[in-house]
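Have a look at the structure below before the remarks.
Please treat every number below as a calculation from the coordinates, not as lab data. On a predicted model such as this, the values are computed, not experimentally measured, just so you know. When we count neighbours, we look across all protein chains shown, and the Cβ atoms used for this are built from the backbone with ideal geometry, even at glycine.
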Amino acid sequence: MAKTAIITGAAGGIGKELARRLAERKLNLVLVDLKEEAVKAVIEELGLNDSNSLAVAADVSKEEDVKNYVDKAVEKFGSIDYFANNAGIEGPLGNVDDLSVNALDLVYNVNVRGVFLGLHYVVPVMKKQQSGAILNTSSLAGLMGAPGMSPYVMSKHAVIGITRSVANELAPLGIRVNAVLPGTINTRMMRQIEKNSGNPEDYKKLNEAATPMGRYGEPQEVAAVMNFLLSDEASFVTASLYTVDGGMMGQ
Ligand SMILES: NC(=O)c1ccc[n+]([C@@H]2O[C@H](COP(=O)([O-])OP(=O)(O)OC[C@H]3O[C@@H](n4cnc5c(N)ncnc54)[C@H](O)[C@@H]3O)[C@@H](O)[C@H]2O)c1
């Protein structure tokens, strides 16, 4: 029987490329994002159909929405074998004394509460199955600071914390939990961060110069690593952090 994967943030740059890779493996895909039309467009682009995919509109920061996408996945496909807990937002840019407190709540609700809720509802399903693999999307910002981005940086450090904790909870059952840590990747998110910086061209050049490979990564390059971690090829890999950053962290 075909295995089933849930991807949150599936209409975004990285989520869509992961969906493409998992579709090549003929997995059933439950694609979750804020807007159903956006997810349906991905389903159409990837040539998926009703029998091997499901679009679910959900705000990952809302408990009832998360419970719903998990319930719908189990109802339709009977199992959750892989879970890419990937949805995230960058939030506003600004130094800690300039940002509103609301900026922290905004980013935390999606990037931390959303990740916790996903795990809270998916893990019981995997425990019952006694199998599964989970991949949380952190960021290089989970390992280092970035001026003007404290809420995002804090949230991505938190994703590493929950990855390690839950990986240890589930390792005895053979259920794996890892994190992928992209560097600067060519998606809407980086375009928005560049825009928020006030000087998009200079900001992009600065990022490229800070990357040993001298360029942004492509979402396909992140999806390739995610695809590996969400496969049996990674059968002894858990509680691990995988940077995909053109060498930035290794300097
Ligand atoms: N692009 C980068 O350079 C980069 C670097 C490091 C980490 N990341 C992380 O990768 C993940 C994917 O980002 P991306 O680059 O594909 O960005 P993106 O903006 O293209 O995709 C993010 C997706 O998440 C969805 N989303 C946002 N809030 C949501 C919510 N409350 N509920 C459900 N869905 C929601 C968006 O609608 C969007 O489709 C994020 O967690 C991001 O923080 C990205």
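Laid out as a table, the results:
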quantity: Listing of strands (runs of 3 or more DSSP E) fully contained in region 28-85 that carry 2 or more residues being touching a residue at least 40 places away in the same chain (Cβ under 8 Å); calculated: 28-33, 82-85
quantity: Filter pass, residue 85 being under 17 Å from residue 12 (Cα atoms) and within 14 Å of the ligand (Cβ to nearest atom); calculated: yes
quantity: Long-range neighbours under 6 Å by Cβ, at least six apart or interchain, first residue touching a residue at least 60 places away in the same chain (Cβ under 8 Å) within region 202-227, second surrounded by 14 or more Cβ atoms within 10 Å (Cβ to Cβ) and among the β-branched types (Val, Ile, Thr); calculated: 219/14; 219/185; 219/187; 222/14; 222/185; 222/244; 226/180
quantity: Enumeration of residues in region 188-203 that are within 23 Å of the chain's Cα centre (by Cα) and surrounded by fewer than 18 Cβ atoms within 10 Å (Cβ to Cβ); calculated: 188, 191, 192, 195, 196
quantity: Lone unmet requirement of (1) outside any loop (DSSP other than H, G, I, E, B); (2) more than 15 Å from the chain's Cα centre (by Cα); (3) not polar (S, T, N, Q) for residue 93; calculated: (1)
quantity: Region 40-87 - residue that is among the acidic types (Asp, Glu) and under 19 Å from the mean Cα position of the chain (by Cα) and, of those, farthest from residue 7 (Cα to Cα); calculated: 63
quantity: Breaking point among (1) more than 19 Å from residue 180 (Cβ to Cβ); (2) surrounded by fewer than 24 Cβ atoms within 10 Å (Cβ to Cβ); (3) touching a residue at least 24 places away in the same chain (Cβ under 8 Å), for residue 13; calculated: (1)
quantity: Among the candidates 165, 155, 150, residue that is surrounded by fewer than 17 Cβ atoms within 10 Å (Cβ to Cβ), of a type in the set (Ser, Thr, Tyr) and on the phi < 0 side of the Ramachandran plot; calculated: 165
quantity: Positions within region 220-246 being crowded, with 20+ Cβ neighbours inside 10 Å, in contact with a helix residue (DSSP H, G or I) (Cβ under 6 Å, 6 or more places away or on another chain) and in a helix (DSSP H, G or I), in sequence order; calculated: 222, 223, 226, 227
quantity: Selection within region 1-52 - farther than 20 Å from residue 219 by Cα and within 16 Å of the ligand (Cβ to nearest atom); calculated: 35, 36, 37
